[in-house]
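Below: one structure, written as structure tokens.
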Amino acid sequence: MLKEFFTAALGMQNQQTRLEVTANNMANANTAGFKRAGVFERNLIDARANFYNTKGDAEQNDPPIGSYIEFDPGSYQQTDNPLDIAIQDDGFFVLKDQEGKDYLTRAGHFTISTEGEITAMDGKLLMGSNGPITIPRDLLEKSRKEDVAMQIKVNDNGELSVNGNTIDSLLIADVDDFNTLQRISNQDFIGTWTADFKFKNPNEINVKQGWLEGSNVDIIKEMVSMIELQRMFEAGSKVINVNDSTLDRSIMIGRYM
């Protein structure tokens, strides 16, 4: 009798993890630069070990988690915004926060701070070959004084210029093994201690200004997967309820014997 409880609970744990990952994918279907996540089949073994009190990953991650990231490129959308930049092949933009930590992202939606720094929407600095990309103060003040928009150009090799003046070149990083990257937010990644970064030469960079890379989530497939997972989860719940009722009756009968 108890074996049926454990078997059903094992399946429900796995489906719960998949439901959470699928729901997060669907929630970020329209997030620029988001990469779809999946779940390793290995979690079934880890979850079973947890039931037998076997020390391991399952005890540290309860319910078991072990998602992986699919780094396939998302769909590209033309925005005509000069600060929207899409990487057309492998690689990541390099960002730096106020603490000096580096991040990688495919989300190319940027803005200009009051100090002239080009930043991501969360305030992280966009890095160039010479450090954080910053528009010179004289060009910034001239634009404000004359109330004229700056002409920002980014060529295919990542060279950024303002009003015809070359400012810097985008710093594009790549890794040999995507498994060495850890997701920090829906759009940003950091490298683990095993990560081996390499920075692309300008002739290896291929970017497109005025375009934005969207999520690589197929919302239709995720919705179908969500429905299937909900049905499997409900089936496991029914198995537990039926066995629970049967166990209650067995206990009641045992009291009168």
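The values are calculated or read from the model by the stated rules, or taken from the named source; none is laboratory data. Only a predicted model underlies this, so the values are computations on that prediction, with no experimental measurement involved. Virtual Cβ from ideal backbone geometry, glycine too; neighbours counted across all protein chains shown.
Per-structure values
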| item | result |
| --- | --- |
| Subset of region 110-140 that is touching a Gly at 6+ places or on another chain (Cβ under 9 Å) and assigned to a helix (DSSP H, G or I) - its residue that is surrounded by the fewest Cβ atoms within 10 Å (Cβ to Cβ) | ARG137 |
| All positions within region 190-227 that are farther than 16 Å from ILE172 by Cβ and among the polar types (S, T, N, Q) | THR192, THR194, SER215, ASN216, SER225 |
| Near pairs, Cβ below 6 angstrom, 6+ apart or cross-chain, from region 207-228 (not assigned by TED's automatic domain parsing to the domain that holds LEU170 and at pLDDT below 90) to any residue that is of a type outside the set (A, V, I, L, M, F, W, C) and buried (at least 16 other Cβ atoms within 10 Å of the Cβ) | SER225/THR22; MET226/THR22 |
| Cβ-Cβ under 6 Å pairs, at least 6 apart or on other chains, region 105-129 side on the phi > 0 side of the Ramachandran plot, far side assigned to a strand (DSSP E or B) | GLY116/THR134 |
| Test: residue in region 91-100 that is modelled with pLDDT of 85 or more, farther than 25 Å from ASN203 by Cβ and either crowded, with 17+ Cβ neighbours inside 10 Å or of a type in the set (Gly, Ala, Ser) (or both) | yes |
| Complete set of residues in region 169-200 that are modelled with pLDDT of 90 or more and either hydroxyl-bearing (Ser, Thr, Tyr) or farther than 18 Å from THR105 by Cβ (or both) | SER169 |
| ASP174 being within 13 Å of GLY91 (Cα to Cα), acidic (Asp, Glu) and not in a helix (DSSP H, G or I) | yes |
| Residues of region 79-90 classified as at pLDDT 95 or above and in contact with an Asp or Glu (Cβ under 8 Å, 6 or more places away or on another chain), total | 2 |
| First in region 136-148 and over 10 Å from GLU115 (Cα atoms), second anywhere and modelled with pLDDT of 85 or more, Cβ under 7 Å, 6 or more apart | LEU139/MET150; LEU139/VAL162; LEU139/ASN163; LEU139/ASN165; SER143/MET150 |
| Selection status of VAL148, buried (at least 18 other Cβ atoms within 10 Å of the Cβ) and either in a loop (DSSP other than H, G, I, E, B) or modelled with pLDDT of 95 or more (or both) | no |
